[in-house]
Structure formats: C-alpha cells, structure tokens
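What follows is a single structure, written as structure tokens, with notes after it.
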Amino acid sequence: MPACETVVFDLDGTLLDTLCDLHLSTNAALAAHGMPPRTIDEVRRFVGNGIALLIHRAVPEGTPAEVEAAVLDSFRAHYGAHCEDHTAPYPGIRELLASLRAAGLGLAVVSNKADFAVQELVGRQFPGAFDAVLGENEAAGVRKKPAPDMVEAALDRMGRGREGLAYVGDSEVDVATASAVGCRCVACSWGFRSVAALVEAGATTIVDTPAELERVLLAGAL
C-alpha cells in the first residue's frame, strides 16, 4: 500500500487525556440535579458517542427527558468552564504531530464531542497543527461517527481524497468509522478502551505508543 498522505485523528483518548475533566463535569451536572455520582470507570465506558449519550448513560434509568435535557445543559456549562482543568496531550503526541507535519502529511481532527469544546481544546493544545478540525454538528446535517460524514467533511476542507488516508482512534466507534469511510485504521491502546475491546471491534493494527504510531504512519506499513 502507498505511504500515508493524510491522517484523521479522534480527539478524546487519542490525542488528549480528557477523562478526568469529563468525569468531574458529569458528576457536577448530576449533583446539580440531585442525582448520584458516577465512577471514573463508568464515565470511561460512557464516552465516545457525544455528550448527549454520555449524559443519557449517566443519569438514572427512567429519568424524564426534560430532566435529562437539564442535566445536559448543566454539563455543557460546567465543561465549557472546566474542560482544560486537568486535560493534557498524552506523552509524545506533540512530537508525533510535529514529525507528521514535517513529513508533509495532511492532518485533521474529527470528534463526536461538542464542536465548541473541540475547537477550544485543539486551538489551545495544538495551535496550527491541523488542517481541519470538526466537532459534532448534526444540526447541520453532518452525522456523527461512526457515520463517514465527519471524515468526509474534513477531507473536503483539506482538498484531499481517501487515497493514502489513515484514521487513528481509541474506541470501537473509531474502528467502525474507518470501516464506514473505507480507509485504513490504527487503534491506540493508551485511550479509553482495552486492547481486548479494540480487537473485538475489529481492529487489526494496534499501537502502544505515539512513537510506534509514527513509525507505522510514515512507513505506510498498514
């Protein structure tokens, strides 16, 4: 296969360790409405499909829709103010992005996280590193992952096609997204899912460090 020309990354659990802030904001929103807290491992399992599903999974079963919507609003407010309190890139990620950029690869981020948070986090943590950055925008008709829409929108913004495309993520949603797009997939073991879960989802290329990911992408050995 040809070497990679374009890499599309997931954000949470792939580039940034956001779990602590997601956990704290989830529990702050639950507490604001008199609901019991969730453990960090529960929140780890809940993330990956956007904040609406995160909150839907976090509230007690049988919660009325209007109450769940209020909890979601509380989460948005708290997370918007605290999304960088503990969030940071995984070790080696900034060096990885610099190497890929120096090699001339096109780089993008697509995330099911709310677009306001994606733009803020990527803009602050990785200024100038990406050619396209997209968060959840289903109101505009762009379906969230695992539908291919977000990756296709990123490619359109970059003026690139699927040839030489690799998708990098840490969850079953990401493996399914790459399959829907019809591109090569690299799964990261350092994120929010176990290696066993990634294998069960169909991942065939799994890397353990950003340095290993760099070697795989630049060698085109997928």
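With angles folded into 0 to 90 degrees, how steeply does helix 19-32 sit against the dominant principal axis of the chain? Use alpha carbons for both and round to 10.
Here the helix axis deviates by roughly 20 degrees.
Net charge around V216, counting only other residues with Cβ within less than 12 Å of its Cβ (Lys, Arg = +1; Asp, Glu = -1)?
-1
Quick check: the angle from helix 149-158's long axis to the longest principal axis of the chain, C-alpha only, nearest 10 degrees?
Once rounded, the angle reads 50 degrees.
If you line up the long axis of helix 172-181 against the longest principal axis of the chain, both from Cα atoms, how many degrees apart are they, to the nearest 10?
That works out to roughly 50 degrees.
Relative to the compact globular guide of 2.2 N^0.38 Å, what is the alpha carbon radius of gyration of the chain, as a ratio?
Taking N as the residue count of the chain, the ratio is 1.00.
Jot down the radius of gyration and Dmax of the stretch 19-82, Cα atoms only, both in angstrom.
Reported Rg and Dmax, both Å: 10.2, 29.
Relative contact order, percent, of the stretch 55-148 when contacts are C-alpha pairs under 8 Å separated by at least 6 residues?
Across the stretch 55-148, relative contact order equals 23 percent.
Under 15 Å from a label point 7 Å along Cα→Cβ of A31: give me every residue in the stretch 38-80 with its amide N that close.
Residues 38-40, 74-75, 78-79 fall inside that zone.
Assuming R0 = 45 Å, what is the FRET efficiency of H82 and E163, from their Cβ-Cβ distance, to the nearest 0.05?
Result of the calculation: an efficiency of 0.65.
When Lys and Arg each count +1 and Asp and Glu each count -1, what net charge do the other residues less than 9 Å away from A201, Cβ to Cβ, add up to?
Local net charge: -2.
How big is the Rg/Rh ratio for the stretch 145-217, C-alpha atoms only, Rh by Kirkwood, two decimals?
Rounded to two decimals, Rg/Rh equals 0.97.
Give a quick list of GluC sites (Glu not before Pro) in the stretch 36-129 that DSSP marks as loop, anything other than H, G, I, E or B, with at most 11 other Cβ atoms within 10 Å.
The qualifying sites are E61.
Only residues of the stretch 170-191 count here: report those whose backbone N is under 14 Å from the spot 7 Å along Cα→Cβ of V199, or say none.
Answer for the stretch 170-191: 189.
Each label point is 7 Å from the Cα along the Cα-to-Cβ direction; what then is the distance between the points at V67 and D41, in nm?
2.7
What percent do you get for the relative contact order of the chain when only Cα pairs under 8 Å and 6+ apart count?
Over the chain, the number comes to 27 percent.
I want the local charge near A178. Using Cβ-Cβ distances under 13 Å, sum +1 for each Lys or Arg and -1 for each Asp or Glu among the other residues.
Here the count lands on -2.
What is the antiparallel percent of DSSP beta bridges lying wholly in the chain, to the nearest 5?
15
All of the numbers you see were taken from the coordinates with simple rules; none came from a lab. As the structure is a computational prediction, the values presented were derived from the model and not from experiment. All Cβ positions, glycine included, derive from the backbone under ideal geometry; neighbour counts span all protein chains shown.
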